[in-house]
Amino acid sequence: MSSRILPTFAVVVCIVTFPFALLSQTARRPLIAQQVDNTRLHTLLGNTRPEANAQNDLGAVPDDLPMEHMQLQLQRSATQEQAVQQFIDQLHNPKSPNFHKWMTAQQFGQTYGTSQQDVNTITLWLQSQGFTVDFVHPGRMTIDFSGNAGQVRQALHTEIHYLSVNGARHIANMSDPQIPAALAPAVAGVVSLHNFTPHAMKKSRPQYTYTYQGSPVQAVTPADLATIYNLTPLFSAGTTGMGQTIAVIEDSNLYNSADWDTFRSTFGLSQYASGSLTTLHPSGSAGNCQNPGVPSGGDDAEATLDAEYASAAAPGASIVLASCADTRTNFGGMIALQNLIGSANPPSVISISYGQCEAENGAASNAAFSSVFQQAVAEGISVFVAAGDEGAASCDAGATGATHGIGVSAWASTPYNVAVGGTDFGDTYAGTSSTYWSSTNSATYGSALSYIPEIPWDDSCANGLLASALGFTAAYGADGLCASSAAKQDGLVEVEAGSGGPSGCATGNPSANGIVGGTCQGYAKPSWQSSLAGVPSDGVRDIPDVSLFAGTGVWGHYYVMCWSDTRNGGAPCSGDPSNWAGAGGTSFASPIMAGIQALVNQNTGSAQGNPNYVYYQLAATATCDSSNGDPGVSACVFHNVTQGDIDVNCGGTQNCFGETAASTGIGRRGGNGQSSANGALSSSDKSYAPAFGTATGWNFASGIGSVNAFNLVNAWTAVTGQ
């Protein structure tokens with residue numbers, strides 16, 4: 001190296017490393033500068049559920065009602081937060097001296113967590129109010145505490161009431177909590193003072209055997225998955241996920257662990273002897289994780305499909321089903337997630353298939369997910385989250401029509417996770433099924449012949465391709481598919497599609513429940529998403545990142561799973577798998593993509609943190625048009641989905657175009673609203689701008705698109721040097 005280069009190199013090193021050395025000093029600097037005065041209060045805005053209203057109110061709970069394991073979410077100063085984000089960028093930059101220098105949970109807390117002085121001050125205040133401080137999470141951004149409803153009323157100045165919502169009994173705070181103003185610089189909010197749990201991103205198939213427009217059904221099995229997304233050559237070469245651990249986050253155990261064994265043996269996965277399944281209840285030091293068993297309601301279906309399809313994509317990997325019971329104030333999956341990431345030996349890959357829209361999840365809960373995913377990435381963990389099953393209307397999950405406008409899932413929209421959307425196969429629409437499917441099955445029930453062109457997964461009557469296939473000139477309006485008897489008869493008047501859209505209410509407080517507005521703001525656009533063709537210059541995080549098949553059978557394709565819980569909609573796992581349970585949704589796409597990442601990790605021999613840094617770089621140069629088909633031998637890493645949309649039907653005035661006056665009882669399941677459901681969700685109220693359509697390059701309907709796993713694994717080295 002010449003003498004002219006040496007000084008320049010030294011300057012570069014100083015510029016790169018100085019912010020992180022500075023942060024290690026400033027991260028511990030106390031933010032609480034005033035004496036705590038319980039008479040001077042600060043309101044933690046955006047932390048009341050929309051269901052907490054007079055219509056649903058059944059009165060206050062008893063003061064002695066236990067409120068176990070509430071969580072106080074802490075926060076950094078803006079300067080400290082920016083420095084953490086810069087450090088994470090450096091962790092993923094091969095040219096940085098910090099590249100892949102992953103931290104432990106304790107190191108992250110010591111370097112980037114809340115100062116010990118602030119933690120002590122907050123802890124003493126909680127104890128002075130009668131609460132028990134159970135423990136401080138190792139990342140030092142969350143305090144777990146317990147008490148009762150009376151203490152919540154006295155200390156946090158909000159009453160806990162019983163509510164009746166759609167026939168179910170809940171508890172929730174009736175107003176935003178308040179804390180002493182002196183604590184506000186270091187406190188983001190109370191994560192949860194209610195027992196409304198998130199929804200799983202799984203959609204059951206209503207029938208087990210049927211024909212669609214005279215065409216046979218081609219259900220998707222692990223063998224089909226391996227053919228379509230080019231996993232087979234990886235498995236043949238020994239890249240099966242061996243030595244890797246994938247955790248799926250749940251609030252339920254499997255109904256029957258034998259289902260996983262049956263699934264693997266039936267579909268030929270048991271030949272990969274290193275593959276295993278372990279159920280774990282990861283507990284913090286205060287024992288906040290209880291064994292959930294199998295609660296009523298069917299979340300065991302989510303646990304089952306997550307474990308089975310993570311194994312389908314990485315049959316040699318160790319699958320850990322991490323589950324905790326829900327509490328009165330917290331989702332069990334969140335407890336499992338936090339404890340797992342804070343443990344001494346966390347997995348390198350995590351998949352989550354639950355979610356809540358940003359505008360309903362609340363500012364504190366949004367901050368909690370962003371914070372825990374941020375810590376995970378700093379530890380080298382890759383986090384995959386189902387983008388959602390509601391198109392761009394994530395605040396209308398389970399509804400027969402969208403009324404809350406455009407919104408996305410808070411769990412999927414953070415800058416620190418991979419948001420996995422959903423596609424369907426386009427062969428039925430194009431009339432080319434015989435080109436892509438064999439008329440017979442292999443010994444492991446595979447019948448796919450190659451990669452199959454994809455369209456967005458969209459089961460709503462607002463889907464333009466469905467409207468065209470069923471002979472309608474439009475999806476919306478008085479003469480459109482959504483207003484027809486055919487749509488109602490076929491169950492197409494539903495908010496059901498792979499999700500995508502801009503982050504809109506990660507922080508702030510909506511002025512109307514569940515509707516982006518007021519002081520809402522989305523997450524800022526991450527550095528890795530800012531330069532890819534097709535990504536809008538909207539300044540915010542956009543989802544999804546990637547997508548995989550998630551169809552529920554409208555076009556004749558769905559996933560087969562072994563789920564024998566017949567009381568909740570399962571089926572006996574005996575005989576031909578065509579008679580087994582079937583389903584779709586981004587619940588499947590997330591664990592499959594997590595499994596594919598485990599193959600990358602095995603091939604590189606190391607954890608990779610947030611894979612989006614590499615995905616987006618590869619997408620810039622290694623993407624093919626999905627409509628052209630691709631048998632998996634080209635250099636394409638991603639299949640750009642360019643035909644179709646994720647539009648859903650709507651009513652009302654929020655981002656809805658073309659509805660008619662006729663009432664269809666639009667609302668959530670069991671609801672009885674008065675708007676029609678004949679409109680199409682639109683980014684414009686004055687013209688038809690479907691939310692959202694496909695396009696060349698990145699798009700809201702499918703993100704980068706789907707993946708050629710073999711090419712992804714082999715192209716990884718070109719970006720990271722591994």
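When N is the residue count of segment 87-202, what does its C-alpha Rg come to as a fraction of 2.2 N^0.38 Å?
For segment 87-202, the normalised Cα radius of gyration is 1.39.
List every residue whose amide H lies under 5 Å from the amide H of Ala677, counting only residues 5 or more places away in sequence or on a different chain, with H placed 1.01 Å from N in the peptide plane.
Close amide H contacts, sequence-distant or interchain: Thr664.
Under unit Cβ charges (Lys, Arg +1; Asp, Glu -1), what dipole magnitude, rounded to 20 debye, does the chain have relative to its Cα centre?
1560 debye
Net charge around Pro177, counting only other residues with Cβ within less than 12 Å of its Cβ (Lys, Arg = +1; Asp, Glu = -1)?
Around Pro177, the surrounding residues sum to -1.
Once the Cβ-Cβ distance between Thr473 and Leu449 is put in as r, and R0 is 35 Å, what FRET efficiency do you end up with, to the nearest 0.05?
About 0.55, to the nearest 0.05.
Take the alpha-carbon centre of segment 141-203, take the same for segment 431-469, and report the distance between them in whole Å.
45 Å
Please turn the phi angles of segment 553-558 into ³J(HN,Hα) values with the Karplus equation 6.51 cos²θ - 1.76 cosθ + 1.60 (θ = phi - 60°), one per residue in order, whole Hz, x for glycine and proline.
Once θ is set to phi - 60°, the couplings for segment 553-558 become x, 4, 9, x, 9, 7 Hz.
Roughly what % antiparallel, to the nearest 5, for the DSSP beta bridges in the chain?
For the chain, the DSSP antiparallel bridge percentage is about 60.
Could you tell me how many cubic angstrom of Cα convex hull volume segment 230-279 has per residue?
So the per-residue Cα hull volume is 99 Å³.
So which DSSP H runs in the chain come out at 15 Å plus along the axis (Cα) with average Kyte-Doolittle of at least 0.5?
5-26, 363-378, 709-720
Over all alpha-carbon pairs in segment 5-199, figure out the percentage whose distance exceeds 20 Å.
Counting every Cα pair in segment 5-199, those more than 20 Å apart make up 62 percent.
For segment 643-651, what does the Karplus curve 6.51 cos²θ - 1.76 cosθ + 1.60, with θ = phi - 60°, yield as ³J(HN,Hα) per residue in whole Hz, taken in order and with x for Gly and Pro?
Whole-Hz 3J(HN,Hα) from phi for segment 643-651: 10, x, 7, 10, 5, 10, 6, 8, x.
Sort out for me the Cα centre separation of segment 529-574 from segment 249-294, rounded to whole Å.
Their Cα centres are 21 Å away from one another.
Per the Kirkwood definition applied to all pairs of different Cα atoms, how many angstroms is the hydrodynamic radius of segment 443-492?
In segment 443-492 this quantity evaluates to 12.4 Å.
I'd like to compare 401-407, 639-645, 584-590, 78-84: which one has the highest average count of other Cβ atoms within 10 Å, and what's the full order after that?
584-590, 401-407, 639-645, 78-84
Just name one of Ala105, Asn603, Ile381: the one whose Cα is farthest towards the positive end of the charge dipole of the chain (beta-carbon charges, Lys/Arg +1, Asp/Glu -1).
With unit charges placed on the Cβ atoms, the residue in question is Ala105.
Amide H of Asn640: which non-local residues (sequence gap of 5 or more, or other chain) have their own amide H closer than 5 Å, using H built in the peptide plane?
The answer is Cys624, Asp625, Ser626.
Around Asn230, with a cut-off of 14 angstrom between Cβ atoms, what is the net charge of the other residues, counting Lys and Arg +1 and Asp and Glu -1?
-3
Between Thr279 and residues 5 or more places away or on another chain, which pairs have amide H atoms under 5 Å apart, with H built 1.01 Å from N, and which residues are they?
Sorted by chain and number, the residues that satisfy this are Leu321.
Set Lys and Arg Cβ to +1 and Asp and Glu Cβ to -1, take the dipole of the chain about its Cα centre, and tell me which of Asn38, Val641, Gly705 lies farthest positive.
Asn38
In whole Å, what are the Cα extents of segment 289-389 along the three principal axes, biggest one first?
39, 36, 29
Sort all Cα-Cα distances of the chain into consecutive 10 angstrom bins from zero, then give the percent of pairs in each bin up to the one containing the longest distance.
Percent of pairs per bin, in order: 3, 15, 26, 27, 18, 8, 2, 0.
What are the ³J(HN,Hα) values, in whole Hz, obtained from phi via the Karplus relation 6.51 cos²θ - 1.76 cosθ + 1.60 with θ = phi - 60°, for each residue of segment 35-42 in sequence order, with x given for Gly and Pro?
Result, ordered by residue: 6, 5, 10, 5, 9, 9, 10, 10 Hz.
Say the dipole of the chain comes from +1 at the beta carbon of Lys and Arg and -1 at that of Asp and Glu; which of Val84, Tyr445, Val152 then lies farthest toward its positive end?
Projecting each Cα onto the dipole axis, the largest value belongs to Val84.
Under a Cβ-only charge scheme (Lys and Arg +1, Asp and Glu -1), can you give me the dipole magnitude of segment 26-153 about the Cα centre, in debye to the nearest 20?
700 debye
FYI, it's all coordinate maths here, none of it is from the lab. Everything numeric here is computed off the predicted structure, so don't read it as measured data. Virtual Cβ from ideal backbone geometry, glycine too; neighbours counted across all protein chains shown.
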